[in-house]
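Only the coordinates and a few stated rules stand behind these numbers; no lab work does. As the structure is a prediction and not an experimental result, all values here were calculated from the model. Note that we place each Cβ from the backbone using ideal geometry, even for glycine, and neighbour counts take in every protein chain shown.
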Amino acid sequence: MVTDKSNGGVGMEREELLEHLGTTYDVVKEFEDLDSEKYKLTRRRDEWLGDPTKISGEGKRNLYLVGSYLVIYLLLFGSSVYDGVFGDHNFFIKILLAFWYIALLSGLGFLYKFLFKAIGAKIVSKKTFYLEKISEVENDIYELEQQQTELAEDIMNFTDVPEDYLTSDIVGRFHGYVSNRRADTLKECINLFEQERVQNNMKRELEAANKQIAEMAQKIGSLDSSLKQ
């Protein structure tokens, strides 16, 4: 828990302002680290929620359909093979072949049933595992959110830095301004930061414009070369 707010940074001595900004940086950085950890846990939870091993009722029906199609195919294929290859044998051979064919289909049916149960058991096992993990991750996310809520209250009760500037990067730059004697008050830090932000935006816009001009000049040069040829 951090201390209460001061006087807005107006009457702070330089060392006091440095300490104030340093403490603000530490708390804001801790908040951002919690947010980063929450993001990782949320991504992990979402990946587990979308795991394909959690088979649905539709998936089970699809497995049954595959098995049914397989049996029908074997029946049709077996009938054609039986008629084409064994059709001219005597009655006794036909009976033996028929029993062999029935045994083959029965064996395939038992094999499919065994595989289906094995796959289903594996799926249920993995589903249970993922559901337990998801529950654990959601508890961790909830705890992180609680910590963030407490930190957010501490930050707003303690710091004089406006909410729009409460990032570790900006507060760190404020600390650098005061440390390097470029600013003596929080207001001066904000003004200096805004000036630099405007300058950086203008610099990026100028660089983008120069890049477009260079690309256009290159296209004109290429077009001129092709016309001369």
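Total residues in the range 163-197 satisfying the condition of being surrounded by fewer than 10 Cβ atoms within 10 Å (Cβ to Cβ) and either under 34 Å from the mean Cα position of the chain (by Cα) or in a helix (DSSP H, G or I) (or both): the figure is 2.
Scanning the range 134-162 for residues that are in a helix (DSSP H, G or I) and aliphatic (A, V, I, L, M), we see that the one that is surrounded by the fewest Cβ atoms within 10 Å (Cβ to Cβ) is MET156.
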